[in-house]
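Comments concern the structure below.
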Amino acid sequence: MSARAPRLVIGGTGSGCGKTTITCALLQAFVEQGLDTAAFKCGPDYIDPMFHSRIIGTRSRNLDAFLCGRDTVPALLQRSAGRDISVIEGVMGYYDGLAGTSSENSTADIARLTQSPTVLVVSAKGMSLTLAALLRGFLQFEQNTVRGVILNGISPRMTDYYAGIVEQNTGLSVFGAMPTDAACAVESRHLGLVTAGEIQNLKQKMQALAHHARDGLQLDALLALARTAPELQEQLPPVPVCGTGLRIGVARDEAFCFDYADSLDVLTRMGAQLVPFSPLHDAHLPEKLDGLYLCGGYPELYAQQLGANRTMLADIRAAIADGMPTIAECGGFLLLHKTLTGVPMADICGGTAQMGSRLKQFGYITLTANSDSLLCRQGETLTAHEFHYAQSTQPGADFSAQKPLRTRGWQCIHASDTLHAGYPHIHFAGNVPAAQRFLHRCQTYHQEAKR
C-alpha cells in the first residue's frame, strides 16, 4: 500500500553547521502553524530526537540503515504517512557514513533510500563566491537529493545577495537564512548536547527559534518541496506474536533515557507490555515483571543518587539473580557494576567503572556471539553501536565486536541464558530474532514464576 508522506531532509556540510538548530526551528514553526508534524533523525543519536519530541509532542524516531537494515528504513519512515510534514535531521556531514570512508548510512544514503528531498544547512559567514564552489562539490560528489540551501549564522537581510550567487552558479534554491542567537544556544557535555528535559526554558528557546524561522526562512516553499517527495510503498514485515501477557520493565528517567522508539515498538508489536520505572526515584521494581530492559543514558551524573536507592538496587540484583531475563546497554550496564565512579551499584557483572576524559569506543560494530546466550546462538550476529567515555574493569567477553570496513575487533558483553549486559546498543527493528529470543525467555520465566 502506497501513501503520501511529505518529507524533507535537513542535511549539513558538517557537524556544528546548525542542523539541529534549523531542524528544531522548522519543527516549532510548523507546529505553531497547526501542521501535523513528525520528526526523524538519521543515524544512532539519542539526544537530538529528545529535542524533536519535546517540540512535536510525540516520539521522534531514528532512521539508521546499519542498525535497522536498508529495507527497513523506508518502512519505518512510511509510518509517518498521513502527516502534513516529516522533518528528517541529518547526521554529521552530508556524505559522512560508515568508518568515515564510505557514504553508506550517511545522510545522503538515507535521503536516497527514502527518496526524500534535501536542504543543506551551510554556515555561510565569511564566504561569498566560495559558497558556490562548496555547493558544486556537494552536487557533483555522488548521486544526491539536494534541492536547496538554508544559510546559517547570517542576517536574513543577506539572503538576496547569497541567493544570487548560489542560484546562478549551482541552480539550487536558497530557502532563507537564520541569524545566530546566543539566547537560543544549548549547552553540551561529553556525549553531546544536554538532554531536552534538563533545560528549564526550552519552550521559550524553541519559540524564539521559530520566530527567526518565520522571519528568515521560506516556510511555504519548504513545505511545497516536502510535498514533491514520492509516495512511500514499503511496509514493515509482520513480527511473531510471542510476548502476549508479558510485562517488561523499562528503565526511564533522567539517568536512563537512551532508547529507540521503534526498537521498543518491536516488543509491543510482539505483544509485550512495557512497564516504565525509575531506578532514580522508585523505591522498588514494578510488581510481576517478566523481563528487564536497562537502557543507556547518564547514570554517571546521578551515581550518588542511584547508589543511595538501595532498595531499588537490591530489587534489581535479586531479580537478575532469580533468572529474570535482562538486557542492559551502556548506562544500564554501568548500573550492574560493583561500583560506578566509586559508588556501590547492583554488583551483577562485578568490576568497577570510571569515567574517562575521551571516547573509549565510538561507532558501528557487528557483534558475533561466542556461545549460546539470551539474544543469540553461537555464531549469530547483531548490528550495534558504541559511544561511551566510561571504562570498565570487566567489559565481558561473550561476544566478539568488529568495526565495519576495518580489521579492528575486541571482546565484550556479559551474556548468559538470562542476561545480556555490555556497552553496545542494539536496535530490535534490525535484530528481530534477538527480540523474539528475549521474549521467549521471558515467557519461560513467566511460566516458571506461576508454578
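Observations on the structure shown:
Rundown of residues vs (1) assigned by TED's automatic domain parsing to the domain that holds residue 364; (2) in a strand (DSSP E or B); (3) over 24 Å from residue 218 (Cα atoms); (4) aromatic (Phe, Trp, Tyr), yes/no style:
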residue: 24; (1), (2), (3), (4): no, no, no, no
residue: 27; (1), (2), (3), (4): no, no, no, no
residue: 30; (1), (2), (3), (4): no, no, no, yes
residue: 40; (1), (2), (3), (4): no, yes, no, yes
residue: 44; (1), (2), (3), (4): no, no, yes, no
residue: 53; (1), (2), (3), (4): no, no, no, no
residue: 62; (1), (2), (3), (4): no, yes, yes, no
residue: 76; (1), (2), (3), (4): no, no, yes, no
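- Only one entry of 120, 134, 151, 98 meets the criterion of being touching a residue at least 60 places away in the same chain (Cβ under 8 Å), over 20 Å from residue 43 (Cα atoms) and touching a strand residue (DSSP E or B) at 6+ places or on another chain (Cβ under 8 Å), and that entry is 134.
- Members of the stretch 196-229 that are part of a loop (DSSP other than H, G, I, E, B) and modelled with pLDDT of 95 or more: 218, 227, 228, 229
- Considering residues of the stretch 81-132 that are out of contact with any helix residue (DSSP H, G or I) (no Cβ under 8 Å at 6 or more places or on another chain) and assigned to a helix (DSSP H, G or I) only, the residue surrounded by the most Cβ atoms within 10 Å (Cβ to Cβ): 107
Here is a yes/no grid of residues against (1) at pLDDT 95 or above; (2) on the phi < 0 side of the Ramachandran plot:
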residue: 54; (1), (2): no, yes
residue: 63; (1), (2): yes, yes
residue: 66; (1), (2): yes, yes
residue: 73; (1), (2): yes, yes
residue: 82; (1), (2): no, no
residue: 95; (1), (2): yes, yes
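- Yes/no for residue 409 being without any contact (Cβ under 8 Å) to a residue 12 or more places away in the chain, over 19 Å from the mean Cα position of the chain (by Cα) and under 26 Å from residue 106 (Cβ atoms): yes
- Some residue of the stretch 162-180 being within 21 Å of residue 20 (Cα to Cα), in the same structural domain as residue 25 (by TED's automatic domain parsing), out of contact with any Gly (no Cβ under 6 Å at 6 or more places or on another chain) and not in a strand (DSSP E or B): yes
- Residue that is nearest to residue 333 (Cα to Cα) [pool: residues in the stretch 241-271 that are touching a residue at least 40 places away in the same chain (Cβ under 8 Å) and of a type in the set (Lys, Arg)]: 252
- The set of residues in the stretch 405-434 that are at pLDDT below 95, within 11 Å of residue 367 (Cα to Cα) and not hydrophobic (A, V, I, L, M, F, W, C) contains only 409.
- Hits in the stretch 159-171 - residues which are of a type outside the set (Phe, Trp, Tyr) and closer than 15 Å to residue 128 by Cα: 159, 160, 163, 164, 165, 166, 167, 168, 169, 170
The values are calculated or read from the model by the stated rules, or taken from the named source; none is laboratory data. Note that the coordinates shown come from a computational prediction; the quantities given were computed from them, not determined experimentally. Please note: Cβ atoms are built from the backbone with ideal geometry, for glycine as well, and neighbour counts cover all protein chains shown.
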